[in-house]
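As structure tokens, the structure follows; a few thoughts come after it.
Each value in this text was obtained by applying a stated rule to the coordinates, not by laboratory testing. Note that this is a predicted model, so its numbers are computed, not measured. Positions of Cβ are generated from backbone atoms using ideal geometry, with glycine treated the same way; all protein chains shown enter the neighbour counts.
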Amino acid sequence: MNVHVSRTFKPGPSLPSIFLAGVLFILFMPGCSTNSEPNPRMSMFVGIDISGSFVNSDYFENSMSFLAHYIYSHLNGVGGFEEPNVLFVAPIGGADVDQPKTFYPIQTFQNKSVEEIEELLYELFPTDQLDPITDFNAFFEHIARTVENHNLVLRPISVVMLSDGIPDYHVEGNRQMRDFRAIDLSPLERLSRNITIRLLYTNPVDGRSWQTEVPRRRVKIWTQDSDVMETWNDPDIYLEDRPLQQQERWIEWTAENVNYNVRARRVD
């Protein structure tokens, strides 16, 4: 005799309903955002050369004014400029080799106008206290240490330097020499695959030396001559009667001459 056991079949949830439940859980779980705008990823470091050779040049005041506009535009996404996740501003040199430097964080410059940022820059980097040493290597080492301490490794890094780009002399035998090959970018090489150094207000000869002589594997270097940089506020580029958000010509000029997307070039 065959015995049939009757069982009541209860269908489980369908695959579409499971998928929908998972999506809703991810969207509304604590700490998640439905905002479609991506979080800023770029880490920006700004170095200011307050050595005598640069401060006493014809370009220092122009560079500080440009930097105030540049910082404001990036912090506020003017013209589509990438907003940094973090921003640190520090001197490039010091009184001694490898002197510890103060890295002023992004909060120092947020919620300020262009004019307020420029005034603050002069307060933080007074021209009556010049650095006798321009120490690029120490500056790069301190950037690397800051990136590691703040867990910013593998994020895109933009390093902007206002400087004539001239390294300090070193003694070789009985001669004093400036050796661009002694500039050490190795602390930056291990941090990210997307690192760009933008050296502004240099000259054609030293700018070429930075691009062709400084050893590197993945760090990208872009230099812009001081004669070009000082034209950023020409009347046909920067219109005095418009807010920065409406400065289409200045935004285009900055994108092409400063934020240029340079390719990596290996130099052994």
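Quick notes
- Ranked packing of 252-263, 146-157, 194-205, most packed first, by mean Cβ within 10 Å: 194-205, 146-157, 252-263
- Region 113-238 shape via C-alpha gyration tensor axes, a/c threshold 1.5: rounded
- A Förster distance of 30 Å, applied to the separation of the beta-carbon atoms of Glu82 and Asp128, puts the FRET efficiency at 0.30.
- Projecting the alpha carbon convex hull of region 69-118 along each direction and taking the average yields 4.1 nm².
- Amide H contacts of Arg265 (H built 1.01 Å from N, under 5 Å, at least 5 apart or other chain): Ile221
- Amide H contacts of Ser51 (H built 1.01 Å from N, in plane; Pro and chain starts excluded): Asp131 sit under 5 Å, all sequence-distant by 5 or more or on other chains.
- By average C-beta atoms within 10 angstrom, highest first, the peptides 208-219, 230-241: 208-219, 230-241
- Under-5 Å amide H pairs with Val46, H placed in peptide plane, nonlocal only: Phe88, Val89, Ala90, Val160
- Fraction of the pair-distance distribution of region 96-159 above 20 Å, Cα-Cα pairs, percent: 44 percent
- Label-to-label distance for Leu239 and Asp184 is 5.0 nm, based on points extended 7 Å past Cα in the beta-carbon direction.
- 3J(HN,Hα) from dihedral phi, region 64-71, Karplus parametrisation 6.51/-1.76/1.60, rounded to Hz, x for glycine, proline: 5, 5, 4, 4, 4, 5, 5, 4
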